[in-house]
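Participant: After the structure tokens below, expect a handful of questions from me.
The values are calculated or read from the model by the stated rules, or taken from the named source; none is laboratory data. The model shown is predicted, which means the values in this text are computed figures rather than measured ones. All Cβ positions, glycine included, derive from the backbone under ideal geometry; neighbour counts span all protein chains shown.
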Amino acid sequence: MCLLTSVICCKPPDETNYANELEDCLSAEDVQLLNRLTADFEDYIIAVYDTDRISAYKQYLKEVKEMKIGSDFFESLRFVRDLQRLRESDFFKNSRAKLSIIEGYYAKDKKDTLLSSLPDISEGSIDEIRDEAYDHMTAYDPKGVYIQCLKKKNDHDLIALYLEKLTNGLVIIPTISAGALYDTLSNDDYSQDLIRVFIAMNIHYEMMIMLGEEDVQD
């Protein structure tokens, strides 16, 4: 624990600039939040896997892809505080929406596709849980500031495909995103700041948000 605390707290503020590319389409507070969350996540996986940055990202994505991430991974006090900070932020309010709202953007025949893309929802149970899930669960809003900003600044083909699918009404679960990234990213890609922001926000913290919303629904 001392090692983890030491590693996580030692990064100088001027190095946590992962989201600075988004400064012209997100507020300064939003960019600062993304920088902090990405830094906390990156420092944690490097410490947990006790390896270099690229290998840590690969190991993390592999474990998410194979659904081998244990619940204890999300119980770090730092992550709990980060999630609270995220949920209370203007960034969260301006970037996410309930599934019931997102559904309204699209044709009725896309509704089942949207819902069935969520974890632990089988085709036969869609009718039972549709209303409850749509009222409680959120996703990144295709029309929200974060996704629109990513679309403007991203230059990676795989992230562009993710954004296209999201814009077309498909909620892509983190395990699918992690698998695609693990299978596709080159070593050089892991040095791209927006890729690192994407992994932190759209996979790690997304899973934490979803787990919290499932607990509320239960």
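Participant: Ile45 - would you say it is free of Cβ contacts under 8 Å to residues at least 40 places away in the same chain, closer than 16 Å to Phe198 by Cβ and β-branched (Val, Ile, Thr)?
Facilitator: yes
Participant: I need a count of the residues in segment 160-175 that are in a helix (DSSP H, G or I), under 14 Å from Pro142 (Cβ atoms) and either in contact (Cβ under 8 Å) with a residue 24 or more places away in the chain or not aliphatic (A, V, I, L, M) (or both).
Facilitator: Adding up the residues that qualify gives 5.
Participant: Got a sec? Which of Asp135, Asp109, Asp72, Asp82 is modelled with pLDDT of 95 or more and in a helix (DSSP H, G or I)?
Facilitator: From the options Asp135, Asp109, Asp72, Asp82, the qualifying one is Asp82.
Participant: Further, regarding this structure: Does segment 17-45 hold any residues that are modelled with pLDDT under 95 and in contact with a His (Cβ under 9 Å, 6 or more places away or on another chain), and which are they?
Facilitator: Within segment 17-45, no residue meets the criteria.
Participant: Could you tell me whether segment 66-78 includes any residue that is surrounded by 20 or more Cβ atoms within 10 Å (Cβ to Cβ), under 17 Å from the mean Cα position of the chain (by Cα) and more than 23 Å from Ser95 (Cα to Cα)?
Facilitator: No, segment 66-78 contains no residue that is surrounded by 20 or more Cβ atoms within 10 Å (Cβ to Cβ), under 17 Å from the mean Cα position of the chain (by Cα) and more than 23 Å from Ser95 (Cα to Cα).
Participant: Go through segment 176-189 and give me each residue that's assigned to a helix (DSSP H, G or I), among the polar types (S, T, N, Q) and over 18 Å from Leu99 (Cβ atoms).
Facilitator: Across segment 176-189, the qualifying residue is only Thr184.
Participant: I'm told Thr184 meets every condition in (1) at pLDDT below 80; (2) exposed (fewer than 15 other Cβ atoms within 10 Å of the Cβ); (3) in contact with a helix residue (DSSP H, G or I) (Cβ under 9 Å, 6 or more places away or on another chain); (4) not charged (D, E, K, R) except one. Can you identify the failing condition by its number?
Facilitator: (1)
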